[in-house]
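For reference, the structure discussed in these notes is given below.
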Amino acid sequence: PELQIIALNNIINDVIDSLNYKAEQAQITIRFQPKEVNSFAFADRNQIRQVLINLVENAIKYNKPEGRIYIGTTIEKSDPEHVLVSVKDTGIGIEPENLKRVTERFYRVDKSRSRDQGGTGLGLAIVKHILESHNSQLQIKSKPGSGSQFSFKLKLADHYSDHISA
Ligand code: ATP
Ligand code: MG
């Protein structure tokens, strides 16, 4: 990755703007509730944008009509060096036995439903790969029938906030 100081809130807002039309068509509302005014992370801007696009696209595709998507950024007291980014949906969820496999290349849970939705089963494999290249990991929590939460941490760049470019 090409590490740089990135303004996470701006990137998240850009991603929401670019996917809002798709969400509205599916009657899904996206909410971004940052706990911080802005979080400056040390990461590859394009790659993190790709991670967010893949996660939010999934949160739209595997949601329900009138569903919601909550995007959050938090700096936990127990880990002040990192920002925790989460994408939560009120969608169909993932059964525990499939949870470990969804980041495998070409793995899709429900072949028939997934076929309707289109896609190749690469989105989460790419997310996992990008996060690993940032020494980070994708965490997934899910309740079948009620929703999923995907989250990851990025290194904060607070000490460099004089040199912000985006
Ligand atoms: P692509 O991303 O390549 O267009 P895809 O969305 O099927 O295709 P992934 O993003 O890798 O592929 O996801 C793999 C599978 O994990 C999906 O087919 C779906 O079954 C399941 N999945 C992913 N995100 C969610 C989610 N937010 N809620 C429920 N299931 C999900
Ligand atoms: Mg996908």
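Structural remarks
- Fewest-first sequence of D44, D79, D89 by Cβ atoms within 10 Å of each Cβ: D79, D44, D89
- Distant alpha-carbon pairs in region 60-127 (separation over 20 angstrom), percent: 43
- Here, P(r) means the percent of Cα pairs in each 5 Å bin from 0 to the largest distance; for the chain it is 2, 9, 18, 22, 21, 15, 8, 4, 1, 0, 0.
- DSSP beta bridges in the chain [antiparallel fraction, %, rounded to 5]: 80
- DSSP-assigned coil residues among GluC sites (Glu not before Pro) in region 56-117, each with at most 14 further Cβ atoms within 10 Å: E66, E76, E81, E104
- Taking every C-alpha pair closer than 8 Å and separated by at least 6 residues, the mean separation divided by the residue count of the chain gives a relative contact order of 28 percent.
- Value at 222 nm in deg cm²/dmol, rounded to 500, when DSSP H runs of n ≥ 4 in the chain each add -39,500 (n - 2.57): -10500 deg cm²/dmol
- Our analysis of region 12-73 gives Rg over Rh at 0.98, with the two radii drawn from alpha carbon positions and Rh computed by the Kirkwood formula.
Every read-out reported here was derived from the displayed coordinates using simple, explicitly stated rules and does not represent laboratory data. No experiment lies behind these values; they were computed from the predicted model shown. In this analysis, Cβ positions are derived from the backbone assuming ideal geometry, glycine residues included, and neighbour counts consider all displayed protein chains.
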